[in-house]
Structure formats: C-alpha cells, structure tokens
Amino acid sequence: MKCLVAWTFLVIHGSLAIHLLDPNCVKSQTGISYHIIHGQNADTKANQWMVQILLNGDHHCGGSLVTSRFVLTAAHCQSGLQLKARLIGRGGTTLDYDCSGDSCKPMSAEIDVDDMYIHPDYLSYHQNDIAMFRLAQSVNYTDLVRPICVVQFSYWEPDHYELLNEITTFNVTGWGKTERGYNSPKLLSTSLYNLDRTFCLNIYWRKIGQSHICAGHAISATCTGDSGGPLSAERTFLGFSRTFLFGLTSYGIPSCDQPSVFTNVLYYSRWIGHIVDKYTPN
C-alpha cells in the first residue's frame, strides 16, 4: 500500500493549483479497513457521503454527496420518474432538521431529487456518463453526513490526469449485485487496483480516454446496481487526511469478473463547479 502523499503543493504551484468544491468535505477517519462482488460490509461512519438513489422506493443507483444540495452520479441513472436520495448517515438515531421555513422540522432520510443536470455531451453510458442531481432540501452536515472531497481545477489539462498515477488502489462502494446474483441490502465496499486504460480498452474495444478510469481486482468487481457510486482514495490535503472522489461507476461486463470503466471525475472538474455555482439556490 502506498503511503499518503501530501497534496498541499498542488495549491500553490501554477497550472496544478487546486481547491475543494466544498471546503467542509470529510476529514477521513484513519485506521479504518475498507476491506460488489466479494465485497465486505462498509462502515457507515467511514462513508458519510454515500447516497442511495431510489426509484419507486427501490434501489436504482449509487451516488456521492458533493455539496449540501448536490449528488454526483452517472448520467445513465437519470429517470423521467421521481427519484429520491437516501443519505445513509441519516439512518441512525441523530435527526437532521429543515429550518428553511418558520419552524424546524425533522427531515427524512430520503430527499426528493428536484432537478437533474446531465452532461450536455452525454450520448450513452460509454461517454460523458456523469450527472449532478439536485436535492429538494439542503443537507445539514453532521458526524454521519458530510460530502466527499472533490478537486476543482480552473481548467483541464492532460497533465492533470497524472494525479491519478499517485493512486495504487481505490475504494469502491455500492449496493449492486453480489456473487449471489441479487442486489445487496447492505452497503458493500472493496478495493480495486488503478489499472492502465489499455486493460479496459482490450476488454471493451471502444473509446477509453482521459475522461475514464480503468480499475479492477482479481477477486472483486463492481456489478449491476453499482452505477454512479464513488471510486475514492485517501490523500493528505492541507495537513488533513481526506477522502477524494476520483471516479464514479459507469459500466462493465455482465459477468462482473473483469475490470470496470469509471467516469474520471477530475476530467469534469470545471463542469461540476459550473453546475454548483449556477444552480445552487440562494
């Protein structure tokens, strides 16, 4: 396992200058083992950003809370029907409250998705498979609910992809199909290796470029139902260990026994920031 590499220098050096989409994003709990196919039960306290997107009350996709109003997920998770976002951190005993009106009321663990912003160049789940789902209510951050950290660049350059080369393994979480053949009722987590994109190119024989990440493992994989879920890794930023969102689950093969393709969140940094700036209610 590669030790944490400090990213503080990225803040102050020219074209690699970065900032965080939400400076209040999670400061990781160190020492937690994250040990989906052949996955293990995930620790809710270690995945405060994890969102389950529901359609008609049933599991539909995964997603990541990235600000108090937005969930980042896959574009192919969109629907013409009403979607809800379940924040797993609200499933405990600590209540969150909506104080936007004349009084404060307890908020449900499920929040309506009131708008969906699909990447304008999305055509299929193979390209530009990314979307921002806006929540009908703002989320109050607690010890159990907090957004994942998202890197923001002022613009994209190919050199920015080199940030991914620092990552040996990712953590991936979801409620998708397990080796038993059905969706997991519990959030599962596993580790995947950061692979050269040629691995996925040789499997899928379609365009796989800088907007993608290829990741896999010999004994575990993402599967149907994991779509939109986070591909993350811990790094040190400004003196704190934080969990950063690098990718989101896009597609794989039906047998779920080969590396999968993930949308590269770094590549869409500027678009993500634009949606948050333009469509967050005052």
Legend entry - Odd one out for residue 81 among (1) crowded, with 24+ Cβ neighbours inside 10 Å; (2) modelled with pLDDT of 90 or more; (3) hydrophobic (A, V, I, L, M, F, W, C): (1)
Inset, instruction - State whether one or more residues within the stretch 14-37 are modelled with pLDDT under 80, assigned to a strand (DSSP E or B), more than 29 Å from residue 126 (Cβ to Cβ) and among the charged types (D, E, K, R). - result: no
Inset, instruction - Find the residue count for the stretch 135-189, including only residues that are at pLDDT below 80 and either of a type in the set (A, V, I, L, M, F, W, C) or in a helix (DSSP H, G or I) (or both). - result: 8
Inset, instruction - May I ask you to list the residues in the stretch 119-132 that are under 17 Å from residue 69 (Cβ atoms) and out of contact with any Ser or Thr (no Cβ under 6 Å at 6 or more places or on another chain)? - result: 132
Inset, instruction - Among the residues of the stretch 120-133, write down those that are in contact with a helix residue (DSSP H, G or I) (Cβ under 6 Å, 6 or more places away or on another chain) and at pLDDT 80 or above. - result: 122, 129, 130, 131, 132
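The values are calculated or read from the model by the stated rules, or taken from the named source; none is laboratory data. The model shown is predicted, which means the values in this text are computed figures rather than measured ones. Neighbour counts run over all protein chains shown; Cβ positions are idealised from the backbone, glycine included.
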